[in-house]
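The values are calculated or read from the model by the stated rules, or taken from the named source; none is laboratory data. Just so it is clear, the structure is predicted and the values come from calculations on it, not from any experiment. Please note: Cβ atoms are built from the backbone with ideal geometry, for glycine as well, and neighbour counts cover all protein chains shown. The protein model used for the area step is the full one, side chains on, heavy atoms only, and it has no ligands, DNA or RNA in it. Shrake-Rupley method; radii C 1.70, N 1.55, O 1.52, S 1.80 Å.
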Amino acid sequence: MLRRWPGATAAALITLVTLGLIALDLTDAAVRRWWTERAFATDVVAGILVVLITVLVVDQVVRVRQLKDRARAMAAQAAILMLQAGRAEQSVSGAMNGSGDRDAALDEVRIYMTILSISAPVLIDARLSRTFLEQAQRLGAELARGLGAAVKAAGDTSTVSDSRLKDSYQRLRSASAPLLAMLTAEERSAADGGESQ
């Protein structure tokens with residue numbers, strides 16, 4: 001699949017080409033004479049360049065506006081995902097150290113993965129939310145690894161370290177901060193599951 005040029009880069013490139021043609025027209029008599037002798041070609045090229053710049057600039061303005069409109073939806077999805085991430089992390093951590101129920105941990109992880117898969121299309125559009133999504137996916141992998149470790153240690157009397165899981169959860173919390181900043185304090189408190197109180 002071919003990557004689209006970012007609109008800002010394309011607009012800058014077209015603007016530079018236009019400025020280059022203007023500079024040539026102002027400084028080179030031969031170029032000016034060539035364009036003067038071909039009035040129709042001059043008008044067509046000028047019209048195309050103006051339309052391209054206009055379309056690219058309008059496209060960027062519309063895209064920025066759409067992302068701003070979707071920012072609240074992204075923040076809400078991040079809040080929902082964070083709430084379930086906290087529950088899943090606590091359940092799996094408990095199952096790993098032998099103090100929790102593995103079946104309950106499995107249910108919490110299943111719910112987390114479902115919310116993650118539902119949230120992914122909303123979170124993938126912007127850079128900040130995509131970073132959060134990547135961390136959420138890493139946490140999902142650590143949750144699955146933790147469940148596997150809890151099952152292996154089921155007959156064992158020793159406990160399994162959950163430091164990787166806790167570290168992954170903390171990275172997710174850090175990645176969620178810019179998104180959750182768009183929410184009110186009450187909404188952020190709900191996303192923390194009451195931890196910050």
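Worth pointing out:
- Residue count for the stretch 9-21, restricted to those that are surrounded by 11 or more Cβ atoms within 10 Å (Cβ to Cβ) and over 23 Å from Val61 (Cβ atoms): 1
- The set of residues from the stretch 59-75 being open to solvent by 80 Å² or more (accessible area, probe 1.4 Å) and over 21 Å from Pro121 (Cα atoms) is empty.
- For Ser117, the requirement of being more than 17 Å from Gln170 (Cβ to Cβ) and part of a helix (DSSP H, G or I) is met.
- The single residue among Arg164, Arg188 that is modelled with pLDDT of 85 or more and either in a helix (DSSP H, G or I) or in contact with a Pro (Cβ under 8 Å, 6 or more places away or on another chain) (or both) turns out to be Arg164.
- Any pair with Cβ under 7 angstrom, 6 or more apart, that starts in the stretch 39-50 at a residue that is closer than 17 Å to Gly20 by Cβ and ends at one that is open to solvent by less than 40 Å² (accessible area, probe 1.4 Å): Leu49/Ile14; Leu49/Thr18
- Hey, Val109 free of Cβ contacts under 8 Å to residues at least 24 places away in the same chain and of a type outside the set (Gly, Ala, Ser) or not: no
- Among the conditions (1) in contact with a helix residue (DSSP H, G or I) (Cβ under 7 Å, 6 or more places away or on another chain); (2) open to solvent by less than 90 Å² (accessible area, probe 1.4 Å), Arg32 misses just one, which is (2).
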